[in-house]
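Colleague: Handing you a structure now.
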Amino acid sequence: MSNCWNPMSLHPETSPVPYCLTASQRALKRSVDIVGALAFFVFLGPLYLLVAAAVLVSMGGPVYYWQTRLGQGGRSFRCYKFRSMVTGSDDLLALHLAHDAVARARWERFQKLDDDPRVTPVGRFIRRLSLDELPQFYNVLKGDMSLVGPRPCMVRQRSLYGSSWAHYCQMRPGITGLWQVSGRNRLSYAERVALDARYATQWSLALDAKILVRTVWVVLSGDGSS
């Protein structure tokens with residue numbers, strides 16, 4: 001029996017072509033994920049604890065925030081982050097978009113805001129350096145995510161993928177990915193979807209290595225972070 005995920009099994013409107021990596025490719029990618037995540041906690045554990053302490057002191061508990069995201073095969077999982085927003089952020093966003101047409105138009109195109117009223121000062125700092133995403137290394141160890149892959153899709157964003165959903169579901173979502181090193185927040189959501197589909201069809205270990213190296217530069221330089 002093939003281990004490919006067949007997009008027709010869940011969404012018949014998508015392409016009938018089964019996209020999949022070979023068993024050896026999947027094993028290789030998963031091995032790199034496990035080694036990379038373990039190395040992070042061993043060598044950068046103090047950084048993790050420092051960010052957690054900063055969030056706790058500035059905002060109080062809880063330190064972590066989780067949200068349901070869609071992963072490989074369209075399965076849902078809890079995606080973890082350090083908390084960077086005030087409590088009641090969903091209600092605050094809805095109110096803000098209802099009273100600001102410019103912000104609403106930007107949200108519809110990018111699914112992000114330049115001056116998000118929900119984000120705290122410490123949250124803004126850790127988001128700029130992507131430090132809020134450090135708990136996702138735990139997601140990698142669990143097998144929910146990969147070091148490199150498509151951007152983790154929110155449930156409400158599922159309809160924005162169209163026929164590219166089949167490509168998205170082939171891979172585990174990544175802490176970083178092709179869109180993060182190709183413009184980040186300057187890209188529209190449609191452009192991010194196209195890059196995720198491109199990644200799924202052109203995957204190689206060399207591509208993952210290039211993305212990881214490029215991610216370090218993008219994060220440290222702040223390129224595309226706002």
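Colleague: Just name the residue that is modelled with the lowest pLDDT out of those in the stretch 133-183 that are assigned to a loop (DSSP other than H, G, I, E, B) and of a type in the set (Phe, Trp, Tyr).
Modeller: So, considering only residues that are assigned to a loop (DSSP other than H, G, I, E, B) and of a type in the set (Phe, Trp, Tyr), the one modelled with the lowest pLDDT is TRP179.
Colleague: Okay, next question. Starting from residues that are at pLDDT 85 or above, surrounded by fewer than 16 Cβ atoms within 10 Å (Cβ to Cβ) and not hydrophobic (A, V, I, L, M, F, W, C), keep the ones in the stretch 77-105 and report whichever is nearest to TYR138 (Cα to Cα).
Modeller: ARG78
Colleague: Right, something else. When you scan the stretch 38-47, do you find a residue that is at pLDDT 95 or above, under 18 Å from the mean Cα position of the chain (by Cα) and outside any strand (DSSP E or B), even just one?
Modeller: yes
Colleague: Taking the stretch 208-222 as the region of interest, how many residues are surrounded by 14 or more Cβ atoms within 10 Å (Cβ to Cβ) and either on the phi > 0 side of the Ramachandran plot or in contact with a strand residue (DSSP E or B) (Cβ under 8 Å, 6 or more places away or on another chain) (or both)?
Modeller: Adding up the residues that qualify gives 4.
Colleague: I've got another one for you. Within the set of pairs 6+ apart or on separate chains, which have a first residue in the stretch 22-42 that is within 15 Å of ASP144 (Cβ to Cβ), a second that is part of a helix (DSSP H, G or I), and C-beta atoms under 6 Å apart?
Modeller: Partner pairs satisfying both residue conditions: ASP33/VAL140; ALA37/PHE137; ALA37/VAL140; ALA37/LEU141.
Colleague: Given ARG151, ARG124, ARG156, ARG118, which one is surrounded by fewer than 21 Cβ atoms within 10 Å (Cβ to Cβ) and under 23 Å from ARG75 (Cβ atoms)?
Modeller: Details: ARG151 fails: surrounded by fewer than 21 Cβ atoms within 10 Å (Cβ to Cβ); ARG124 fails: under 23 Å from ARG75 (Cβ atoms); ARG118 fails: under 23 Å from ARG75 (Cβ atoms).
Going through ARG151, ARG124, ARG156, ARG118 in turn, the sole match is ARG156.
The values are calculated or read from the model by the stated rules, or taken from the named source; none is laboratory data. If you're wondering where the values come from, they're calculated on a predicted model, not measured in any experiment. With ideal geometry, Cβ positions are generated from the backbone for all residues, glycine too; neighbour counts draw on all protein chains shown.
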